[in-house]
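Here's the structure we're looking at; comments come further down.
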Amino acid sequence: MSSTEIDRQWTTRLRRRAARRLPPEKMLPDTQPAYVASWIYVFGVTTLSALAVVILSGFILALKGPQWWHVSGIGHFVNSLHLWSVEIFFFAMVIHLWGKFFMAAWRGGRSLTWVTGVVTFLTSIATAFTGYVSQTNFDSQWISTQAKDGINSTGAGSFFNVLNFGQMLMWHIVLLPLVAVILTGLHVLMVRAKGVVPPFEEKVEAR
Amino acid sequence: MAGSLLAALVSLDGAGHYFHWHWIDISYANLTVIALMVVTFVAALFVPFPGRRSKKETK
Ligand code: HEM
């Protein structure tokens with residue numbers, strides 16, 4: 001095979017592009033710029049850590065099933081772990097979002113980082129909603145019957161029926177978490193590729 | 001034990017309590033979470049980060 005043929009292969013092109021945009025020292029850097037030493041930069045990783053606990057506790061709930069999480073002590077505990085890690089996830093995500101909004105963190109070619117953040121936020125809301133209607137208790141019955149008319153009036157009811165328990169459970173444990181995790185992965189990779197956004201330039205007084 | 005102590009702090013038996021103001025209608029539980037987020041946000045801006053040298057030292 002000639003070298004021009006090799007250059008044209010999609011595997012070669014993709015590898016070179018990836019290596020150029022995300023070299024290992026950018027992917028897992030040793031140090032961060034001085035301005036990152038502020039609590040406001042902690043909330044992205046807090047969100048990420050909470051998401052990890054959400055997924056892991058969700059795996060255990062999926063393994064054991066509703067009869068377990070509704071009646072046993074450990075089941076209640078893992079159920080609570082899942083709920084409270086979701087609370088921390090949203091809490092941290094909102095503060096992260098406010099922080100990035102006020103530092104206009106979409107500057108310097110970071111618009112897709114912002115956009116993946118927005119879409120992850122919306123996906124997370126849908127994931128939480130389908131979780132609430134998948135509890136298999138009176139709360140989930142109440143929420144789904146309250147939500148159905150609003151959602152059906154948008155037309156979405158034709159493929160997203162909140163009274164269809166099996167469908168809601170599948171959205172909650174397969175489709176939406178998959179999308180949320182993939183988007184989060186892309187979001188963090190984009191942050192690594194671009195580096196953390198520098199603060200607005202300070203006005204330096206002449207002295 | 002700890003559970004019943006915590007449960008004593010806020011009674012969750014019965015209907016929720018709501019804050020009404022013109023068209024705004026929100027439970028005190030949600031309002032508390034929003035207030036805590038604002039407090040945490042402001043704290044994140046002003047609480048010094050451990051290990052960070054102050055601006056004067058770096059000059
Ligand atoms: C699953 C949810 C999310 C996770 C795990 C996450 C994680 C992160 C992490 C670890 C960073 C690195 C910088 C930092 O932590 O301050 C970051 C940066 C960023 N995030 Fe998020 N984020 C999420 C949601 C969002 C949302 C909802 C928005 C806004 C709508 C957003 C906008 C941004 C932007 C614009 C940056 C780049 C700015 C910079 O370089 O400092 N993120 N994110």
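The values are calculated or read from the model by the stated rules, or taken from the named source; none is laboratory data. What you see is a predicted model, and the numbers here were worked out from it, not measured in a lab. Glycine also receives a Cβ, built like all others from the backbone with ideal geometry; neighbour counts cover every protein chain displayed.
Can you spot a residue in the range A:42-57 that is exposed (fewer than 14 other Cβ atoms within 10 Å of the Cβ) and away from the ligand (no atom under 16 Å from the Cβ)? Within the range A:42-57, none of the residues are exposed (fewer than 14 other Cβ atoms within 10 Å of the Cβ) and away from the ligand (no atom under 16 Å from the Cβ).
In the condition set (1) within 11 Å of the ligand (Cβ to nearest atom); (2) at pLDDT 95 or above; (3) surrounded by fewer than 16 Cβ atoms within 10 Å (Cβ to Cβ), A:Pro198 is compliant with all but (2).
State which residue is nearest to the ligand (Cβ to nearest atom) when the search covers only the range A:99-123 and only residues that are part of a helix (DSSP H, G or I) and surrounded by fewer than 16 Cβ atoms within 10 Å (Cβ to Cβ). So, considering only residues that are part of a helix (DSSP H, G or I) and surrounded by fewer than 16 Cβ atoms within 10 Å (Cβ to Cβ), the one nearest to the ligand (Cβ to nearest atom) is A:Val118.
Against the test of being among the small types (Gly, Ala, Ser) and touching a Leu at 6+ places or on another chain (Cβ under 6 Å), the options A:Ser72, A:Ser57 yield a single qualifying residue, A:Ser57.
Against the criterion of being of a type in the set (A, V, I, L, M), within 16 Å of the ligand (Cβ to nearest atom) and not in a loop (DSSP other than H, G, I, E, B), A:Val188 qualifies.
Scanning the range A:80-130 for residues that are under 27 Å from A:Lys148 (Cβ atoms), within 14 Å of chain B (Cβ to nearest Cβ) and not hydrophobic (A, V, I, L, M, F, W, C) yields a single hit, A:Glu87. Assess whether A:Val71 counts as being surrounded by 11 or more Cβ atoms within 10 Å (Cβ to Cβ), under 30 Å from A:Thr130 (Cβ atoms) and either within 23 Å of the chain's Cα centre (by Cα) or more than 14 Å from every other protein chain (Cβ to nearest Cβ) (or both). In short, no. Among the residues here, A:Thr145 qualifies as away from the ligand (no atom under 11 Å from the Cβ) and among the hydroxyl-bearing types (Ser, Thr, Tyr).
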